Amino acid sequence: MSRAPSAGPRRGSSTRRRVVTAGVAIVAATSLAACAQSQREAGGGGEGGTLTFGAAGAPDLFDPFYASDGETFRVTRQIMEGLVGFKPGSSDVQPELAESWEHSPDGKTWTFKLRQGVKFHDGTDFNGEAVCKNFQRMFNQTGAGQNNALSYYWIENFGGFADGKTPSLYQACDAPDAATAVVHLTRASSKFPDILGLPSFSMQSPTAMDQYQANNVQAQGDSFVYPEYAKAHPTGTGPFKFASYDESNGTIKLVRNEEYWGEKAKLNELIFRIIPDETVRKQELESGAIDGYDYPNAADLKALRDAGNNVQVRDPFNIMYLGITQKNNPTLQNLKVRQALAYAVDRETLVKSNLPEGATVATQFYPKTVDGYAEDIQQYSHDPAKARQLLAEAGVPNLTLNFYWPTEVTRPYMPDPQGIYNALAEDLREAGFTINPVSKPWNGGYIDDVDNAKADIFLLGWTGDYNTPDNFIGTFFGTPANRFYTAASPWGEELAAQLKAADGEPDEAKRNQMYQDINRKLMSEYLPAVPLSHSPPAIVTSPRVHGLQTSPLTAEEFASVSVSEK
């Protein structure tokens, strides 16, 4: 979702960026782009040194287009850049490789003026042709490349591919000159151009992608074999360059890009050490073996601060949910069974006992700070007797479910997967469910199985990528055949159509009302999953680390960071 998605948390502040709508009567130069100044003005070199950061999980690959997990994006974010980015410390869009943009009155044609003098790490020029080649590469995926487990962000945000089997938001790209790229859409969308700031849509070197066969991904059983590009040659325009991945020792090495177009990174080297166990990450920080790590245990925050470390707690902009897959177990197509799951879980106790201070119970699938949040929705209190009653009414009083939970990972919304699983499983058993636990490593089968709808129920969540409802519920339920497999219910296609209509509505007030209506139906008529909590993730660095700007998207960039002598 990030999925992990995520994929990092989004804002918890009260400030909302109002998405530029597409229904204006004149061709609008997007004010965000026109007046925003890049945070990376051309300038000086680095200050030297090496930062070693403890990563919570291993990336599967280094081609962000085929990725959907936060640990992959943590690395590729340092290497690659998008046409747009996000202001440091915020979820507001700002120019990155595009200096400005404007759109047509119908919101379907977007013209980007590109930054000049930028080169990819292999010396290839960044220009309009390179932009279009990136879009063509993404749009023209075939075979395994169209699998939802690979092209996840494309499918969830753009839809289909060039073969036309499924409609696509993307239509075409033109490069009238080196300094311009024109992207044509099939319809207006509230999420454009924000989605171009997602790591999956970063600009990558066309030369390197051709040389190392970036599209040559092959399915192998339930997993995939990635090409040389994705494993050893990711090539972007960012302040760091990929140097190596020592898979046996779990270390990823990046080096400063001396030819970077903007202010060069202060570090000589940036190393990510893969340390899945949070306790081990803490011990390694205490010993000086690493300089920081993400998602420290809430119980350790005071001790970490008392030891002189810098602990920064981000605002929560995420959701953890109990996922439900309707594909393989027909009983889960019954609303009463899904409601029984909702009544069975004790979310209040879960938040108090298993999540950090500041976490809150989720009543719907995104935080209050996102437009379209509905206050008047159906609530599900902890009521095991009600859950047992619903199971009896559904004719499955002793229902057995395969409950998937991940190992070898810590997520912003899910700091302790095993502890959270144990708590929920106990609740479900108390309500009459028989639970068959299935645990797999996050990048060792878990995400693939969940995305291929093999679980009955599963633990997952999402950290917002940008501040629109579509990024949450549109991503979750806009595709009926994804991990929730709402296609098995008669309302699955209807929900997807409602989400598409809301996303394409140019009138903000009307759009918000449409999303509120959808949120009410999600919790009363549909209930495709059970929202659990919003959690504020922390990040910790040693006293010798300076200049780390936290992101509400958990999208930290390390170019501004320096380290002092030990």
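The values are calculated or read from the model by the stated rules, or taken from the named source; none is laboratory data. Bear in mind that the values here come from a model prediction, so they are computed numbers and not experimental data. Ideal geometry is used to build each Cβ from the backbone, glycine not excepted, and the neighbour counts take in all protein chains shown. We work out accessible area using only protein heavy atoms, side chains counted, and drop any ligands, DNA or RNA first. Shrake-Rupley method; radii C 1.70, N 1.55, O 1.52, S 1.80 Å.
For region 483-551, the solvent-accessible area works out to 33 Å² per residue, with a probe of 1.4 Å and every protein chain left in place.
Computed about its Cα centre, the charge dipole of the chain is approximately 560 debye, with only Lys, Arg, Asp and Glu carrying charge at their Cβ.
In this structure, the residue pairs whose Cα-Cα separation is over 29 Å, taken from Lys191/Lys386; Lys119/Lys266; Lys133/Lys327; Lys336/Lys510, are Lys191/Lys386; Lys133/Lys327; Lys336/Lys510. Averaged per residue, region 381-470 has 32 square angstrom of accessible surface, using a 1.4 angstrom probe with ligands and nucleic acids left out. For Asn422, the shell of other residues with beta-carbons less than 14 Å away shows a net charge of -4, using +1 for Lys and Arg and -1 for Asp and Glu.
Protein chains only, probe 1.4 Å: how do Thr554, Thr251, Thr279 rank by accessible area, largest first?
Thr279, Thr251, Thr554
The distance between label points at Ala497 and Asp306 comes to 6.1 nm (points 7 Å beyond Cα on the Cα→Cβ vector).
One decimal place: the segment Gln213-Ala179 gains 9.6 nm when fully extended, by the rule 0.36 nm per residue minus the C-alpha distance.
Other residues with beta-carbon under 11 Å from the beta-carbon of Ala98 carry, at +1 per Lys or Arg and -1 per Asp or Glu, a net charge of -2. Leaving out ligands, DNA and RNA, what percent of the accessible area of region 421-521 is carbon and sulfur, probe 1.4 Å? Exposed carbon and sulfur together represent 48 percent of the surface. Taking all protein chains together and a 1.4 Å probe, the residues Arg520, Arg314 rank Arg520, Arg314 from largest to smallest accessible area. Computed extension length for Asn268-Ala232: 11.0 nm, one decimal, from 0.36 nm per residue of separation with the Cα-Cα distance subtracted.
Looking at region 140-264, the accessible area is 38 square angstrom per residue; that uses a 1.4 Å probe and ignores ligands, DNA and RNA. Close amide H contacts of Ser533 (hydrogens built in the peptide plane, cut-off under 5 Å, sequence separation of 5 or more or a different chain): Met320, Ala362. What the Cβ-Cβ distance of Gln379 and Asn140 gives, at R0 = 41 Å and to the nearest 0.05, is a FRET efficiency of 0.35.
Under the simplified labelling scheme, the Val438-Gln418 pair shows an inter-label distance of 2.1 nm, with each label point 7 Å from Cα along Cα→Cβ. How large, in percent, is the carbon and sulfur part of the accessible surface of region 138-240 at a probe radius of 1.4 Å? For region 138-240, the apolar C and S fraction of the accessible surface comes to 46 percent. What net charge is computed for the residues neighbouring Pro536, neighbours being all others with C-beta under 11 Å from the C-beta of Pro536, Lys and Arg scored +1, Asp and Glu -1? Combined, the nearby Lys, Arg, Asp and Glu give -1.
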